[in-house]
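Visitor: For reference, the structure I am asking about is given below.
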Amino acid sequence: MFRRSHEPEAAQTTVVRADPTLAQVDDNPAHSRFDLWVGDELVGILGYRRLDGIDAPPEPGTAVALMHTVVKEEYGDRGWAAVLVHEVLEECRVRGWRLHPVCTYVRRYLGTHTEYLALIDDDPS
């Protein structure tokens with residue numbers, strides 16, 4: 001699943017401002033997270049978990065908590081977290097997941113991108 005290159009040239013990547021066309025976000029259900037790739041480098045993750053406690057990939061209609069967003073320090077403050085969260089929210093919409101945003105970054109993102117508020121699950125159970 002990991003697409004890292006072991007060649008020394010690939011390890012010396014110049015970090016640029018976030019550009020969604022350079023990014024790929026993949027679901028990594030084995031680790032309950034979405035992975036943000038820029039080229040061959042894993043630069044960020046957004047963890048999730050089912051609220052029903054079942055250890056299986058969520059189905060449509062499943063309540064899912066978005067737990068934490070992490071971006072490598074050298075990619076920080078360049079907009080990569082926003083790219084990751086945007087792509088994850090779009091995928092959650094397609095999958096029909098009901099969201100519980102635990103992550104403070106996701107909460108802040110939702111505060112300025114209200115088109116995703118319909119994904120929030122109002123059922124507290």
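The values are calculated or read from the model by the stated rules, or taken from the named source; none is laboratory data. This structure is a prediction, so every number in the text was calculated from the model and none was measured. In this analysis, Cβ positions are derived from the backbone assuming ideal geometry, glycine residues included, and neighbour counts consider all displayed protein chains. Please note that ligands, DNA and RNA were not included when accessible areas were found on the heavy atoms of the full protein model with its side chains. Shrake-Rupley method; radii C 1.70, N 1.55, O 1.52, S 1.80 Å.
Visitor: Per-residue accessible area for I45 at 1.4 Å probe radius, Å² rounded to 10?
Guide: 40
Visitor: Can you send over the solvent-accessible area of E87, 1.4 Å probe, protein chains only, in Å² to the nearest 10?
Guide: Number for this one is 80 Å².
Visitor: Pick from H31, H86, H68: which is most flexible by mean-square fluctuation in a GNM of the chain where alpha carbon atoms under 10 Å apart are linked?
Guide: Result for the chain, Cα springs under 10 Å: H31 fluctuates most.
Visitor: Can you pull the Rg over Rh of the range 78-125, Cα-only, Kirkwood?
Guide: 0.95
Visitor: Working with all protein chains in place, sort D52, D19, D122 by solvent-accessible area computed with a 1.4 Å probe, largest first. All intermediate terms of the calculation are to be shown ahead of the outcome.
Guide: Numbers: D52 85, D19 55, D122 140 Å².
Descending order: D122, D52, D19.
Visitor: Work out how far the C-alpha atoms of the chain reach from end to end along every principal axis, then list the three figures in whole Å, largest first.
Guide: That works out to 49, 32, 21 Å along the principal axes.
Visitor: Could you work out [θ]222 nm for the chain from helices alone, using -39500 (n - 2.57) per DSSP H run of at least four and dividing by all its residues? Round to the nearest 500 deg cm²/dmol.
Guide: Numbers: 3 runs with 29 residues, N = 125.
Using -39500 (n - 2.57) per qualifying helix, the result is -6500 deg cm²/dmol.
Visitor: Under a crude label model (7 Å from the Cα following the beta-carbon direction), how far is D26 from I120 in nanometres?
Guide: With each label placed 7 Å out from Cα toward Cβ, I get 3.3 nm.
Visitor: Quick one: Karplus J couplings for the range 107-117, per residue in order, coefficients 6.51, -1.76, 1.60, θ = phi - 60°, nearest Hz, x for Gly and Pro?
Guide: Per-residue couplings from phi come out as 4, 5, 4, 5, x, 10, 10, 5, 5, 9, 4 Hz.
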